[in-house]
Amino acid sequence: MVDVTDRAKNHKTVGYYPGCALEGTGHAYNRSTKAIASELGLKLKEVDNWNCCGAMEVKNIDPKIQTYLSSRVLSNAHNTDHMDVVMAPCNGCYHNLKKAEYDLSHDAESRAVVDRLSSKAGHPTYKAGQVETIHALDWLKGTIGEEGIAARTKGKLAGLKVANYYGCMYTRPRHIFPEKDQGPGTESTSKPHFMDDLLAAAGADNVDFALKTACCGGAHTLSDSDTSTKLVANILRAAEASGAEVIATECPTCHTGLEMHQIRAEKRFGIKTTVKIMYFTQLLGLALGVGPRKLGIQENISDPMDLIIEKRLT
Amino acid sequence: MPIHEKSLIRPENMKTNDQELIIDGINVAGHWSTFIESRVITDYNENLQDEIEALPGGEFIHRCWQCGSCTNSCTVNAIEPRFNPRYWIYLIRTGMEQELLRDKDIIWMCVSCNKCTYACPRDVVPEGVMKATSHWLEMKGYTPKSPSTIFDEIFSSQVIERGKIEDTEVLTQFLRRTGQPLMQDWLKEIVFKVATKLPVTWGLKSMLAMVFKPKTRDWDRARLAIEEYIHEKEAEHRSALGLNGSHPEHDDHANEWDMRRQEVGSHIDQGDVSVPAGHHDESARSDFARRAGHINPPH
């Protein structure tokens, strides 16, 4: 097992897999990720002719189809783009590529199905180990690190109270993330801290937030909206109770879910919360001096502009 | 339900005289005179565990040793106490089908947060068991297709058709197919909030995306390979459940969850949303694709 950060450290250019969400509802995440990449001198090479990773839905039709869909993305990154690191900012994409990697290195039937579908579809079969999948958090931790962020931002986020929210797919289930829980310096699946580390390096005041890895009900955000609204309302209220002014997110499904159900909680259950919701890349971008428009902040439904002006972050 | 509250005695089997019971001029009504109707379980389904194990996600149910870590960590259990993966795994493993069916309308509510899979010391993958069990209920005809299954089908059919999805299309198709009004109160507010701030070009771009759907190039061979595989698997699963022959639940939306019941003030005015599958060769396509085809017109 190659240490993920070691590979990423040597790569100022990584394969970039935005996925469907970042071209739709998570557009601001895409925009802000690209904006900070260019600000930091990092190159993102978009995976050629990518397809959907399967999200949270295709596995319920057939889990092996999801493995195939994710393997095709990795196959393109390896065979067409000749990349050995793919960075996926979306937790769903990241999770599925990691899951495919795990299945292909541990399960002969998954290998057989992927091989069969790949040859019928007419592209090389992806083989486990050819590409390392990393999250946007791994990417920034590996290439720039806390010292780099601190040096470039000069504590610009000082005084901003942030609740870091990671959601489900970034840490669960544990077995698909073999590089996590490996001691000091590595990410923890029970108490993830990479986002906390990066934002703290930019000066943010991270609050003690108990629901970092709670579920927002993203899988049923439309099919069982009341359940999702209850789960999100719980997260929003816990963040406010711990003193947070903004919830930092690193997943388009979580982010959209928090914003949508913040409104729905007020409409349907009379639960009003005012905490703002922003992608961590937007917060880092502001800390690096990138303008709000370039970070897509006008697309945030929770409308954090007043807070940004109040904290002199523009 | 906490394990210590589980008992063979059910409220509906208790016979009490709470109202009035006069004996020798004295009202002796009350719980002291409670009788419990005896209940004998005779209708075991000896194949129940095998059937669940034959469906994706259910493969490892036999590993369970009933520690309860899944229910203890469960996101849904915290807001719906009847949602109890440990108990359902117990019922499946002991073949108590009738008992399992008492909870058939909530098993689909699993949100796939994987806290159970994380906590499970035996790698049962309870999240997978929940999915397998909801599919089993639908395939056997015990429940209509859940909103979650309808969403999965709409989403997956777009991925299989074009390689990518388009958010707006998934949203509108789902609301239509479940009979909900397109203009939800929360959705109106979101559209209003965002529309007033975004540049005009953004709106144009998203409208273009709705007309010219995002698509992976040279996808057709992948689509055919996926459809063929799904078709094979479907046949395998049906045969494992002893369901060879007709597919009555596939033909229309009659066997689907009706969300209109839950939506106050919504109207049943969406009409027939089915669109003919068009010029595709029906015989070459899987049941799944055929089912999905009418909500996803080819272009």
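The values are calculated or read from the model by the stated rules, or taken from the named source; none is laboratory data. In this text, all values refer to a predicted model and were calculated from it rather than measured experimentally. All Cβ positions, even for glycine, are placed from backbone atoms using ideal geometry, and neighbour counts span all protein chains on display. These area figures cover heavy atoms from the full protein model, side chains too; ligands, DNA and RNA do not enter into them. Shrake-Rupley method; radii C 1.70, N 1.55, O 1.52, S 1.80 Å.
Couple of notes before you dig in:
- The calculated FRET efficiency for the pair A:K12 and B:T172, based on their C-beta separation and a Förster distance of 56 Å, comes to about 0.85.
- Loop-located trypsin sites (Lys or Arg not before Pro) in the stretch B:1-97, at most 11 other Cβ atoms within 10 Å (DSSP): B:K6, B:R39
- Amide H contacts of B:N17 (H built 1.01 Å from N, under 5 Å, at least 5 apart or other chain): B:G30, B:S33
- As a calculated quantity, the FRET efficiency between A:Q130 and B:S38 at R0 = 56 Å, using C-beta atoms, amounts to about 0.30.
- For A:L104, solvent-accessible area (1.4 Å; no DNA, RNA or ligand), Å²: 10 Å²
- Values of log10 I(q)/I(0), in the order q = 0.12, 0.13, 0.20, 0.22 Å⁻¹, for the stretch B:48-139 under a Debye, Cα-only, solvent-free model: -0.28, -0.34, -0.86, -1.07
- Gain upon complete extension [B:T196, B:T94; 0.36 nm per residue less C-alpha separation]: 30.9 nm
- Contact surface A-B: accessible area buried, both sides summed, square angstrom, 1.4 angstrom probe: 5500 Å²
- Proximal lysines to B:K188, defined as alpha-carbon separation beneath 27 angstrom and excluding residues fewer than eight positions away on the same chain: A:K230, A:K267, A:K272, A:K276, A:K294, B:K164, B:K197, B:K205, B:K213
- Probe 1.4 Å, accessible area per residue of the stretch A:141-293, Å²: 32 Å²
- Whole-Hz couplings from phi, Karplus 6.51/-1.76/1.60, listed for the stretch A:119-133; x for Gly and Pro: 5, 5, 7, x, 9, x, 6, 6, 10, 3, x, 6, 9, 9, 8
- The stretch B:84-123 and the stretch A:121-167 have Cα centres lying 36 Å from one another.
- Global form of the stretch A:143-217, assessed from the alpha-carbon gyration tensor, a/c cut-off 1.5: oblate
- Of all accessible heavy-atom area on the stretch B:34-160, the percent that carbon and sulfur account for (1.4 Å): 49 percent
- Computed accessible area, A:K191, all protein chains, 1.4 angstrom probe, square angstrom: 150 Å²
- Gyration tensor (alpha-carbon) shape descriptor, the stretch A:101-162, a/c threshold 1.5: prolate
- The protein assembly as shown: C-alpha gyration tensor shape, a/c 1.5 cut-off, then a/b vs b/c: prolate
- Helical runs assigned H by DSSP (4 residues or longer) give the protein assembly as shown a calculated mean residue ellipticity at 222 nm of -13000 deg cm²/dmol, each run adding -39500 (n - 2.57) before division by the residue total.
- Built amide H within the under 5 Å cut-off of A:Y16, gap 5+: A:K45, A:E46, A:V47, A:M87
- Shown in residue order for the stretch A:205-210 are the 3J(HN,Hα) couplings computed by the Karplus curve 6.51 cos²θ - 1.76 cosθ + 1.60 at θ = phi - 60°: 9, 6, 7, 7, 10, 7 Hz (x for Gly and Pro).
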